[in-house]
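These notes concern the structure reproduced below.
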Amino acid sequence: MDAAEFRKRGKQMVDYIADYLEKIDKRQVFPDVEPGYLRPLIPDCAPQDPESFEDVFKDIEKIIMPGVTHWHSPYFFAYFPAASSFPALLADMLCGGIGCLGFSWAASPACTELETVMLDWLGKMINLPEEFLAGKDGQGGGVIQGSASEATLISLLAARTKAIRRVQSEKPELTEADIMGRLVAYASDQAHSSVERAALIGGVKIKKVSSDDTFSVCGSALKKVLDEDKASGLIPFFFCATLGTTPCCSFDKLVELGPVCNKENIWMHIDAAYAGSAFICPEFRHLLNGVEFADSFNFNPHKWLLVNFDCSAMWVKKRSDLTDAFKLEPVYLQHHHQESGLVTDYRHWQIPLGRRFRSLKLWFVLRMYGVTGLQEHIRKHIRLSHQFEHLVLQDERFELCAEVVLGLVCFRLKGSNDLNKALLESINEAKKIHLVPCHLREKFVLRFAICSRTVESTHVKFAWQHISQLATDLLKTWEQNQHQQ
């Protein structure tokens, strides 16, 4: 394919993507395929000779689309949003076209410098404390990671290095292995599984701190666990607070937890993967109060801020905490500006060496939507979640299971877990909408998340009518079966 054909085929692909997104509501939201569906549809090995673009293109609908879950469908209410917008898609195209690997400033100065400035823009939008921003001569700063899971792992590894060095300076007789065996990380019992996975990769113990009746961790609960572990000779070093938990969008109490972590010399990382985008709206910024106590903070613009995956924004108060943990300087990666103090080499802030020009997506989206446009997007989703909440409350057969704060509604039929599992199964088997469940304490709960950029009130009403009718059918069958037993 030469440049001339690329121009032609590029226009064709843009038209295809635009048509796909414009008419996505006509597609069944969840695929009707069985595991292994794809292998019989394609050859056993790659073609020896080149195939035409037309041949490849026609196979998109034939082979790929039948197995796609349409995350951007207005009937997709599962997990959390996976943000997308036309400006972000165009920026991603430019990113691929430039094709730089921005592991250092010298590898592509614009790639590094735009990221630093965009993370400052984003930090100011959510009113992050000044010490988290790079500015012209700040000690903190932001970086784009691939996911919130990566951000949690990076912060845990940096905290581990910092803790080992601190303990060794206080007790030189202890080896690194001695200290590692006693280090303990902490997170809420509602925290995402990626926190536990970070500890697994980091080779440290992790303990879950009990949440309260609102599924939030408070300061006293953390302090109790810390006191017990210190009395046993363990070394607490890391706590991951969650703002907007995956099961029910609950918020850990930062203003209580922060002082405890600061006093105990524990690194506090805040995972606000989903909820963080809402903090651009002044009426939700209070949910971030207490961030001033944190060492690191993360949220995903690729969830709710119209920037497509991957774009996970992470800030640290002291960037030296990261670079001291990960810095290696082989001669082939060095450049003559690196000691100037004026440049950032992001390879020291992450696990992989290479990195894409992801800040282009933020630049395009922030400029083309503006803060007010993005605020309206967030507020619209939250209005729709309260619309669904109201519909649930009007039906006495159902109950809400957690407070509706942002764009997630946790609800269930009053009754057994088996009844609710059957309801979810009937919803997803019908494939008209898509939901996923969670467990809140002993209850099996259905999650209804407002996700799509194009979702409207009519889609929410349709979803509720569909759920309500399936519940009616299920309860009728359920009662008949119980009578027969």
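The values are calculated or read from the model by the stated rules, or taken from the named source; none is laboratory data. Remember, predicted model here, so these are calculated numbers, not experimental data. Cβ atoms come from the backbone with ideal geometry, glycine included; neighbour counts cover every protein chain shown. Heads up: the accessible areas ignore ligands, DNA and RNA and are worked out on the full protein's heavy atoms, side chains in. Shrake-Rupley method; radii C 1.70, N 1.55, O 1.52, S 1.80 Å.
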Of all residues in region 208-229, which are open to solvent by less than 20 Å² (accessible area, probe 1.4 Å) and either more than 14 Å from ALA191 (Cβ to Cβ) or outside the structural domain of MET268 (by the TED database) (or both)? GLY219, LEU226, ASP229
Does any residue of region 116-125 turn out to be of a type in the set (Val, Ile, Thr), assigned by the TED database to the domain that holds ILE266 and in a helix (DSSP H, G or I)? yes
Counting only residues that are in contact with a helix residue (DSSP H, G or I) (Cβ under 9 Å, 6 or more places away or on another chain) and surrounded by fewer than 16 Cβ atoms within 10 Å (Cβ to Cβ), how many does region 440-454 have? 3
Members of region 180-193 that are crowded, with 20+ Cβ neighbours inside 10 Å and over 19 Å from the mean Cα position of the chain (by Cα): LEU183, VAL184, ALA185, TYR186
Within region 70-106, residues in a loop (DSSP other than H, G, I, E, B) and open to solvent by 40 Å² or more (accessible area, probe 1.4 Å) come out as TRP71, HIS72, TYR75, TYR79, GLY99, LEU101, PHE103, TRP105, ALA106
Looking at LEU333 and the list (1) more than 24 Å from MET118 (Cα to Cα); (2) modelled with pLDDT of 95 or more, which single condition is not satisfied? (2)
Do we find a residue being part of a loop (DSSP other than H, G, I, E, B), touching a residue at least 24 places away in the same chain (Cβ under 8 Å), surrounded by 10 or more Cβ atoms within 10 Å (Cβ to Cβ) and not assigned by the TED database to the domain that holds ALA275 anywhere in region 46-65? no
Residue set LYS162, LYS136; condition free of Cβ contacts under 8 Å to residues at least 24 places away in the same chain, outside any strand (DSSP E or B), assigned by the TED database to the domain that holds GLY233 and basic (Lys, Arg); output residue LYS136
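Could you look through region 194-207, keep only residues that are in contact (Cβ under 8 Å) with a residue 24 or more places away in the chain and hydrophobic (A, V, I, L, M, F, W, C), and pick out the one that is surrounded by the fewest Cβ atoms within 10 Å (Cβ to Cβ)?
Here the answer is ILE201.
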Looking at (1) part of a helix (DSSP H, G or I); (2) touching a strand residue (DSSP E or B) at 6+ places or on another chain (Cβ under 9 Å); (3) open to solvent by 50 Å² or more (accessible area, probe 1.4 Å), which is the one condition that is false for VAL460? (3)
Take LEU114 and decide whether it is open to solvent by 30 Å² or more (accessible area, probe 1.4 Å) and farther than 30 Å from PRO247 by Cα. yes
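Among the residues of region 173-189, is there at least one that is assigned to a loop (DSSP other than H, G, I, E, B) and in contact with a strand residue (DSSP E or B) (Cβ under 8 Å, 6 or more places away or on another chain)?
Yes, because at least one residue in region 173-189 is assigned to a loop (DSSP other than H, G, I, E, B) and in contact with a strand residue (DSSP E or B) (Cβ under 8 Å, 6 or more places away or on another chain).
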Return the total of residues in region 359-400 being among the aliphatic types (A, V, I, L, M) and under 22 Å from LYS443 (Cβ atoms). 4
